[in-house]
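First up is the structure itself, then whatever we jot down about it.
The values are calculated or read from the model by the stated rules, or taken from the named source; none is laboratory data. Remember, it's a predicted structure, so these values are computed and weren't measured experimentally. Virtual Cβ from ideal backbone geometry, glycine too; neighbours counted across all protein chains shown.
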Amino acid sequence: MSNKKQEPLVSDEDINDPKLVIPLGAKMIRDIYEASRAKDAELIQQMVDGFIGVYWMGQEASKKLITELLATAAAAGYKPTDR
């Protein structure tokens, strides 16, 4: 789970914008959400691919790859959950 405060994908200003009231507006909102979902899916796929790589690597290479994966996740606003 992200520990970073997530801003809404569509702001109050966007919601009140007259251009979103017409049918094209619904498509615009869908496109905003789909672009966000695509970014999330890309990050998840990178993590899955990385963890598969870790499974097959030696210990030093594993640590390096995990460090890179965690940096990628941190750049997207994710960090390990406190235990």
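Assorted remarks:
- Considering only residues in segment 41-83 that are in a helix (DSSP H, G or I) and charged (D, E, K, R), the one that is nearest to the chain's Cα centre (by Cα) turns out to be Glu42.
- Residues that are farther than 23 Å from Lys79 by Cα, among the charged types (D, E, K, R) and out of contact with any Leu (no Cβ under 8 Å at 6 or more places or on another chain) were ranked within segment 1-33; the one that is modelled with the highest pLDDT is Asp31.
- Flag for Ile66 being surrounded by 12 or more Cβ atoms within 10 Å (Cβ to Cβ), more than 27 Å from Ile15 (Cβ to Cβ) and among the β-branched types (Val, Ile, Thr): yes
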